[in-house]
Amino acid sequence: KVPVFAFPSSVDFYLGSQSTYKRVVTLYNPYDFAVRFKVYCTAPDKYIVVDPEGSIKPMCQIDLVFRHNALSPANCNVTDKFRIQLHDHTTKQVIGKKDIPATLHPGVPDSKNDDRLSISPSGEPTERQSSELRLPSQQPFGVKDSQSPSSSRGGGSSVNPIILLTGLVCVIALLLPNEGEQNSVPVHVSHNLKLVFSYVLGLVTMVIFRS
């Protein structure tokens, strides 16, 4: 079994905000092998998932779009669950799973605290998330789309140096030899620790995209 890395870890829809009727969850593959994925739901009649199954290349990520299809006051404050299962690309056996709660709330979200990925009712990405949603369907970690709006704005906010340093440490750790390998480098890193560094690097990359 392997851990499943997805962000955000929950999705929230708001009855009074059309821009939240669609949410995006980014699924990461920090491993050095391709995986297949499939999305299940405890209430499939209430949601539509765009491309609920497919494959992810090694060290890549993919965006999953979740759309609420039963928007009514009767469904407010009800939490359903999406389950993302990873399958071995060859044997098709389940190698990992992760549950993501989904809740429809009454009213509108707090714009200062609502940091979920969303799409406007017209299908266009919101301004805050347009750069992420215009990335290729499978984007390698650490690679930024040169055509994204954030790259063309000269007055964008700067990235915290601590975040950059964290990303650099993760890259260095991933370049170190695996534990048990014969190598002239005195420092070795275990496979499980490299998985953690890969996950952190993915989060750092996402923060850099948003800045």
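Numerical summary
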{"quantity": "Single residue of 198, 158, 190, 151 found to be surrounded by fewer than 14 Cβ atoms within 10 Å (Cβ to Cβ) and at pLDDT 70 or above", "calculated": "190"}
{"quantity": "Strands (runs of 3 or more DSSP E) contained entirely in the stretch 1-119, each with at least 1 residues that are outside the structural domain of residue 190 (by TED's automatic domain parsing) and farther than 19 Å from residue 206 by Cβ", "calculated": "11-14, 35-41, 47-50, 53-56, 60-68, 79-88, 94-105"}
{"quantity": "Matching residues in the stretch 37-55 - criterion: being surrounded by fewer than 19 Cβ atoms within 10 Å (Cβ to Cβ) and over 29 Å from residue 72 (Cα atoms)", "calculated": "54, 55"}
{"quantity": "Scan of the stretch 85-96 for residues that are surrounded by fewer than 16 Cβ atoms within 10 Å (Cβ to Cβ) and either among the hydrophobic types (A, V, I, L, M, F, W, C) or closer than 16 Å to residue 26 by Cα (or both), ordered by number", "calculated": "94"}
{"quantity": "Filtered residue count, the stretch 22-61, keeping only those that are of a type in the set (Phe, Trp, Tyr) and at pLDDT 95 or above", "calculated": "3"}
{"quantity": "Any hit, the stretch 7-22, residues being buried (at least 21 other Cβ atoms within 10 Å of the Cβ), touching a Lys or Arg at 6+ places or on another chain (Cβ under 8 Å) and of a type in the set (A, V, I, L, M, F, W, C)", "calculated": "yes"}
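The values are calculated or read from the model by the stated rules, or taken from the named source; none is laboratory data. Please read all numbers here as calculations on a predicted model, not as lab measurements. Here the Cβ is made from the backbone with ideal geometry for all residues, glycine too, and neighbour counts use every protein chain on show.
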